[in-house]
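Trainee: Can you keep this structure in mind? I'll have questions shortly.
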Amino acid sequence: MIFLYHLLSLFLAVLLVPLFSLTTLFSRHKWKGLIHHFGWVPAKTKPGEKTLWLYALSMGEVVAATPVLKLLRKQSPELYIALSVTTDSGYATALNLDFIDSVFFHPLDCLPFTQLALSRINPDLYVVTDTGFWPGLIDLLHRKNVPALLFNGRISDRAVRRYLRTGSLFKETFQKFHRLCMQNTNGEKAALALGVNREHFEVIGDSKYDALQTMTDEEKEQVRQTFKLKADTPVWIAGSTHAGEEEIILNAHRLLLAKHPDLVLILAPRRMERVKEVAALLKKENFSFVLRSSLENAESTSVILLDTMGELARVYSLGQIAFVGRSLVQPGGGHSLIEPLSHGLAVLHGPYVENISHVSETAHNQGLVFQMTNPEELEQKVHTLLKNPSHRLEISEKAKIFIAQQQGAANKMADIITQCLNFPKPN
């Protein structure tokens, strides 16, 4: 199966060069890093040193990898760290990590591109975070005896079904990993279903908990002043929303304004390219709103539309309640609940949270998160929580304990990576 995959990738490579080049014209960073996708990645600049190639698909994965990479840099200053990403947000986030030796876009999984990338990086170890399993590259690493690790591993039931439909291709891919380090027991079950030997995987937790940045009261106040919000202004935040969810959220917000006239909604679409679309929806629905980038010249408003990248984690500090998107409309999957929980917010989400089901279930059982299915339920729950500050305080205290209990995965993963890097390099 993998032979056919490589053969097909040779033909696709010819088509992908012009087609992919055209698509990057609409990207903020991909055009500048176009040659990376075709394997012409930055060459290793420290001959003889051990090399770690870590792949973090997007901003969330880069954030999760950061505490691990910081530990590795502290333990091994001479280690060459190459960090590859897929998305613009991941690239922008990775560029801010000044302890990384090279940042580039991950090569497309076609034999000529991956072969070239491997020859230029010559890694001693390849690490994938969360998801992003490329059969061709994993096979090449396996043939070269370069160990591949998965950390923060997350494989949903839907993904398992999809992988199994490909025949032996992905089953063989997962069996070529040296070790799979999963976030939770759901990932453990997925690995077993894909035929991975039990000795080759373990549950170590999620390093996103270790990446959380504690904000001081002064920092929170500074953010509040930036957003021109009074200390007593009630705020709820809809974070990482997708198409179809904003309509439901705005319907709920309209109902809430009748009971809480001073309530402000901070609306944060997952993708920045959807800001114009969401702004048009707000105008159509006759909501007064202001873009985050235009706050300096704005008067009071009921909706702030977040049109800046990388701010959402800090913005959660402004709210009492948060809704987390990609969960109200199918197929969904759910985005991370960790950031709003770390700020002690009561967190709401829709019914479609397969990708975060373990966190959702655990936090739900502790009374920290709540599932909503329609505008009426959403409005009623936000209204109830706004009226009950003592309940919110109780949730906040429990959330701090919950976050503390989940931390520690970064240290475990750094130790595992260090062990693998200490293996003798294959000839």
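Trainee: Only one residue in Gly344, Gly325, Gly319, Gly350 is modelled with pLDDT of 95 or more and either of a type in the set (Asp, Glu) or touching a His at 6+ places or on another chain (Cβ under 6 Å) (or both), so which one is that?
Mentor: On inspection, the qualifying residue turns out to be Gly325.
Trainee: State the number of residues belonging to segment 63-93 that are among the acidic types (Asp, Glu) and assigned to a loop (DSSP other than H, G, I, E, B).
Mentor: First pass over segment 63-93, keeping only residues among the acidic types (Asp, Glu): 78, 88.
After this cut, where a residue has to be assigned to a loop (DSSP other than H, G, I, E, B) as well, the list is 78.
Selection size over segment 63-93: 1.
Residues are listed down the side, and each one gets a yes or a no for (1) farther than 28 Å from Leu267 by Cβ; (2) in a loop (DSSP other than H, G, I, E, B); (3) touching a residue at least 24 places away in the same chain (Cβ under 8 Å):
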{"position": "Arg161", "(1), (2), (3)": "yes, no, no"}
{"position": "Lys171", "(1), (2), (3)": "yes, no, yes"}
{"position": "Gly195", "(1), (2), (3)": "yes, yes, yes"}
{"position": "Glu202", "(1), (2), (3)": "yes, no, no"}
{"position": "Lys230", "(1), (2), (3)": "no, yes, no"}
{"position": "Ala238", "(1), (2), (3)": "no, no, yes"}
{"position": "Ala243", "(1), (2), (3)": "no, yes, yes"}
{"position": "Ile248", "(1), (2), (3)": "no, no, yes"}
{"position": "Leu256", "(1), (2), (3)": "no, no, yes"}
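Trainee: Further question: Among what's in segment 355-383 and is surrounded by fewer than 21 Cβ atoms within 10 Å (Cβ to Cβ) and within 18 Å of the chain's Cα centre (by Cα), pick the residue that is farthest from Lys398 (Cα to Cα).
Mentor: Result: Ser357.
Trainee: Of the residues Leu71, Leu57, Leu16, which is in contact with a Ser or Thr (Cβ under 7 Å, 6 or more places away or on another chain) and surrounded by 15 or more Cβ atoms within 10 Å (Cβ to Cβ)?
Mentor: Leu57
Trainee: Could you tell me whether Arg326 is crowded, with 21+ Cβ neighbours inside 10 Å, of a type outside the set (A, V, I, L, M, F, W, C) and more than 16 Å from His253 (Cα to Cα)? Before you say what the answer is, go through the steps one by one.
Mentor: Details: crowded, with 21+ Cβ neighbours inside 10 Å: yes; of a type outside the set (A, V, I, L, M, F, W, C): yes; more than 16 Å from His253 (Cα to Cα): yes.
Yes; evaluated as a whole, the condition is true for this residue.
One line per residue, one yes/no per condition, for (1) within 22 Å of the chain's Cα centre (by Cα); (2) of a type in the set (Val, Ile, Thr); (3) on the phi < 0 side of the Ramachandran plot:
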site: Met272; (1), (2), (3): yes, no, yes
site: Leu282; (1), (2), (3): no, no, yes
site: Asn297; (1), (2), (3): no, no, yes
site: Thr301; (1), (2), (3): no, yes, yes
site: Gly319; (1), (2), (3): yes, no, yes
site: Arg326; (1), (2), (3): yes, no, no
site: His349; (1), (2), (3): yes, no, yes
site: Val353; (1), (2), (3): yes, yes, yes
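Trainee: Okay, next question. Give me the residue from segment 256-273 that is among the basic types (Lys, Arg) and under 22 Å from Asn374 (Cβ atoms) and, out of that set, surrounded by the most Cβ atoms within 10 Å (Cβ to Cβ).
Mentor: As a first pass, look at segment 256-273 and keep what is among the basic types (Lys, Arg): 259, 270-271.
Checking the rest, the ones that are also under 22 Å from Asn374 (Cβ atoms) come to 259, 270.
Values: Lys259: 12, Arg270: 17.
If we take residues in segment 256-273 being among the basic types (Lys, Arg) and under 22 Å from Asn374 (Cβ atoms), then Arg270 is surrounded by the most Cβ atoms within 10 Å (Cβ to Cβ).
Trainee: Within segment 37-62, how many residues turn out to be of a type outside the set (Gly, Ala, Ser), assigned to a loop (DSSP other than H, G, I, E, B) and in contact (Cβ under 8 Å) with a residue 40 or more places away in the chain? Even if it seems obvious, please write down each step before you answer.
Mentor: Taking segment 37-62 as the starting set, the residues that turn out to be of a type outside the set (Gly, Ala, Ser) are 37-38, 40-42, 44-47, 49-55, 57, 59, 61-62.
Add one more test, that the residue is assigned to a loop (DSSP other than H, G, I, E, B), and what stays is 38, 40-42, 44-47, 49-50, 57.
Now narrow it down to the ones that are in contact (Cβ under 8 Å) with a residue 40 or more places away in the chain: 38, 40-42, 44-46, 50, 57.
The qualifying residues number 9.
Trainee: Any chance you could count how many residues in segment 290-332 are outside any loop (DSSP other than H, G, I, E, B), of a type in the set (A, V, I, L, M, F, W, C) and farther than 13 Å from Lys228 by Cα? Full working, then the answer.
Mentor: If we filter segment 290-332 for residues that are outside any loop (DSSP other than H, G, I, E, B), which is where we start, we get 290-297, 303-305, 312-318, 321-324.
Of the ones still in play, those that are also of a type in the set (A, V, I, L, M, F, W, C) are 290-291, 295, 303-305, 312-313, 315, 318, 321-324.
Now narrow it down to the ones that are farther than 13 Å from Lys228 by Cα: 305, 312-313, 321-324.
Adding up the residues that qualify gives 7.
Trainee: Turning to a different aspect of this structure: Hey, Ser360 hits all of (1) among the small types (Gly, Ala, Ser); (2) assigned to a helix (DSSP H, G or I); (3) closer than 19 Å to Ala243 by Cβ but one; which does it fall short on?
Mentor: For Ser360, the failing item is (3).
Trainee: (1) in the same structural domain as Leu150 (by TED's automatic domain parsing); (2) touching a residue at least 60 places away in the same chain (Cβ under 8 Å); (3) surrounded by fewer than 22 Cβ atoms within 10 Å (Cβ to Cβ): which one isn't true of Asp206, the others all being true?
Mentor: If we test Asp206 against (1) in the same structural domain as Leu150 (by TED's automatic domain parsing); (2) touching a residue at least 60 places away in the same chain (Cβ under 8 Å); (3) surrounded by fewer than 22 Cβ atoms within 10 Å (Cβ to Cβ), just (3) comes out false.
Trainee: Here's something else I'd like to know. Among (1) in contact (Cβ under 8 Å) with a residue 40 or more places away in the chain; (2) assigned to a helix (DSSP H, G or I), which single condition is Thr131 missing?
Mentor: With (1) in contact (Cβ under 8 Å) with a residue 40 or more places away in the chain; (2) assigned to a helix (DSSP H, G or I) applied to Thr131, the lone miss is (2).
Trainee: Can you name the residue in segment 112-149 that is touching a Ser or Thr at 6+ places or on another chain (Cβ under 8 Å) and of a type in the set (A, V, I, L, M) and, of all such residues, is surrounded by the fewest Cβ atoms within 10 Å (Cβ to Cβ)?
Mentor: Leu140
Trainee: Mind telling me which of the residues Thr114, Thr86 ends up being touching a His at 6+ places or on another chain (Cβ under 8 Å), of a type in the set (Val, Ile, Thr) and more than 26 Å from Asp415 (Cβ to Cβ)? Outline the logic, then answer.
Mentor: Values: Thr114 fails: touching a His at 6+ places or on another chain (Cβ under 8 Å).
Step by step, each of Thr114, Thr86 is checked, and only Thr86 is touching a His at 6+ places or on another chain (Cβ under 8 Å), of a type in the set (Val, Ile, Thr) and more than 26 Å from Asp415 (Cβ to Cβ).
Trainee: On to the next question. List the residue pairs whose Cβ atoms are under 7 Å apart, where the first residue sits in segment 388-399 and is under 18 Å from His260 (Cβ atoms) and surrounded by fewer than 16 Cβ atoms within 10 Å (Cβ to Cβ), the second is modelled with pLDDT of 95 or more and among the hydrophobic types (A, V, I, L, M, F, W, C), and the two are 6 or more positions apart or on different chains.
Mentor: Partner pairs satisfying both residue conditions: His391/Leu385.
Trainee: Now for a different question. Working carefully through the options Glu199, Glu172, Glu188, find the one that is in contact with a strand residue (DSSP E or B) (Cβ under 6 Å, 6 or more places away or on another chain) and within 30 Å of Met1 (Cα to Cα). Break it down into steps so the answer makes sense when it comes.
Mentor: Numbers: Glu199 fails: in contact with a strand residue (DSSP E or B) (Cβ under 6 Å, 6 or more places away or on another chain); Glu172 fails: in contact with a strand residue (DSSP E or B) (Cβ under 6 Å, 6 or more places away or on another chain).
On inspection, the qualifying residue turns out to be Glu188.
Trainee: What's the number of the only condition in (1) under 18 Å from the mean Cα position of the chain (by Cα); (2) within 30 Å of Val160 (Cβ to Cβ) that Arg314 fails to meet?
Mentor: (2) is the only condition that Arg314 fails.
Trainee: Go through segment 82-92 and give me each residue that's touching a helix residue (DSSP H, G or I) at 6+ places or on another chain (Cβ under 7 Å) and either over 18 Å from Val41 (Cα atoms) or surrounded by fewer than 20 Cβ atoms within 10 Å (Cβ to Cβ) (or both).
Mentor: Of everything in segment 82-92, just one residue is touching a helix residue (DSSP H, G or I) at 6+ places or on another chain (Cβ under 7 Å) and either over 18 Å from Val41 (Cα atoms) or surrounded by fewer than 20 Cβ atoms within 10 Å (Cβ to Cβ) (or both), namely Ser89.
The values are calculated or read from the model by the stated rules, or taken from the named source; none is laboratory data. None of the values given here were measured: they were computed from a predicted structure. All Cβ positions, even for glycine, are placed from backbone atoms using ideal geometry, and neighbour counts span all protein chains on display.
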